[in-house]
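Trainee: For reference, the structure I am asking about is given below.
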Amino acid sequence: MFDKEREAIFDALAAEWSCLPGPPLAAALELLDALELEGKVVLDVGAGTGALVEAGLRQRPKKWICCDLSSAMLAQIEAVWSGNPVVETLHADAHNLPLEDKTFDAVICNAVLPHLRDRLRALTEFRRVLDVNGKLLINHFQARSRINEIHRNSSYRLLREDILPPAEVVAAELTELGFEILQSVDNEERYLILAGKPE
Ligand SMILES: C[S@@+](CC[C@H](N)C(=O)[O-])C[C@H]1O[C@@H](n2cnc3c(N)ncnc32)[C@H](O)[C@@H]1O
């Protein structure tokens with residue numbers, strides 16, 4: 001099960017995105033600080049061109065696995081980070097992760113959630129690969145209204161349907177799946193859900 005349609009779109013977008021600035025380093029560091037990633041194994045789902053990798057490595061994780069549907073996005077990461085033994089790339093669909101149960105301390109999903117066509121299935125996958133006490137971080141450095149405006153105006157018809165739901169909706173889904181909600185923000189500046197896997 002590979003989302004071939006979105007894969008083709010993101011492959012096409014990879015070259016232009018590699019030239020775009022990512023989030024400010026200070027903002028990315030602040031985001032990741034809360035996860036206490038030192039010595040941890042991290043899955044960066046929908047890693048794109050690697051916007052969080054530099055900040056991630058500063059947290060001194062044991063492994064930082066960049067997973068993406070788009071091999072063209074991953075090629076941008078490899079071009080920068082292939083010499084770093086902590087960073088690995090994984091060409092996979094978030095709905096069907098080729099990863100063993102309970103192997104990650106953190107799953108990070110930055111600017112990816114609206115693109116997941118079967119959100120419940122992907123969230124279930126995130127829970128499966130997280131170890132007990134592991135954390136799932138869903139984040140957008142912009143307001144939900146802005147994200148949805150950008151997607152509704154996309155030149156790609158398919159992406160116009162990629163709408164980010166209110167955090168309370170996603171938090172309820174996560175609770176139903178057995179996550180514990182640790183933080184939820186959905187305001188004019190930010191969208192963030194931090195959830196823990198208690199058992
Ligand atoms: C808006 S970009 C975000 C990239 C990066 N996380 C960032 O913060 O800049 C969305 C990324 O999610 C990836 N993506 C979309 N659907 C996916 C899926 N089902 N599985 C894995 N990656 C996916 C896309 O290829 C793209 O690289």
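The values are calculated or read from the model by the stated rules, or taken from the named source; none is laboratory data. Computed from a predicted structure; not experimentally measured. Methodologically, a virtual Cβ is constructed for each residue, glycine included, from the backbone with ideal geometry; neighbour enumeration extends over all protein chains shown. Heavy atoms of the whole protein, side chains included, go into the accessibility calculation; ligands, DNA and RNA do not. Shrake-Rupley method; radii C 1.70, N 1.55, O 1.52, S 1.80 Å.
Trainee: Being within 11 Å of the ligand (Cβ to nearest atom) and acidic (Asp, Glu) is the filter here; which residues of the range 1-36 pass it?
Mentor: 3, 5, 7, 11
Trainee: Of the residues that sit in the range 37-53 and are without any contact (Cβ under 8 Å) to a residue 60 or more places away in the chain and away from the ligand (no atom under 12 Å from the Cβ), which one is least open to solvent (accessible area, probe 1.4 Å)?
Mentor: Here the answer is 39.
Trainee: Quick check, is residue 87 more than 9 Å from the ligand (Cβ to nearest atom), touching a residue at least 12 places away in the same chain (Cβ under 8 Å), farther than 22 Å from residue 179 by Cα and open to solvent by less than 60 Å² (accessible area, probe 1.4 Å)?
Mentor: Details: more than 9 Å from the ligand (Cβ to nearest atom): yes; touching a residue at least 12 places away in the same chain (Cβ under 8 Å): yes; farther than 22 Å from residue 179 by Cα: yes; open to solvent by less than 60 Å² (accessible area, probe 1.4 Å): yes.
Spelling it out, residue 87 is indeed more than 9 Å from the ligand (Cβ to nearest atom), touching a residue at least 12 places away in the same chain (Cβ under 8 Å), farther than 22 Å from residue 179 by Cα and open to solvent by less than 60 Å² (accessible area, probe 1.4 Å).
Trainee: Any chance you could count how many residues in the range 60-80 are within 20 Å of residue 117 (Cβ to Cβ), assigned to a helix (DSSP H, G or I) and either open to solvent by 60 Å² or more (accessible area, probe 1.4 Å) or among the small types (Gly, Ala, Ser) (or both)?
Mentor: Going through the range 60-80 one residue at a time, the tally reaches 2.
Trainee: Let me ask something additional. Exactly one condition in (1) touching a Ser or Thr at 6+ places or on another chain (Cβ under 9 Å); (2) part of a loop (DSSP other than H, G, I, E, B) is not met by residue 100; state its number.
Mentor: Of everything listed in (1) touching a Ser or Thr at 6+ places or on another chain (Cβ under 9 Å); (2) part of a loop (DSSP other than H, G, I, E, B), residue 100 misses just condition (1).
To keep it simple, each residue is scored yes or no on (1) within 17 Å of the chain's Cα centre (by Cα); (2) part of a strand (DSSP E or B).
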residue: 122; (1), (2): yes, no
residue: 127; (1), (2): yes, no
residue: 132; (1), (2): no, yes
residue: 185; (1), (2): yes, yes
residue: 188; (1), (2): no, no
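Trainee: Shifting gears a bit: So is residue 34 modelled with pLDDT of 95 or more and either closer than 17 Å to residue 107 by Cβ or surrounded by fewer than 22 Cβ atoms within 10 Å (Cβ to Cβ) (or both) or not?
Mentor: Numbers: modelled with pLDDT of 95 or more: no; either closer than 17 Å to residue 107 by Cβ or surrounded by fewer than 22 Cβ atoms within 10 Å (Cβ to Cβ) (or both): yes.
Criteria not met by residue 34.
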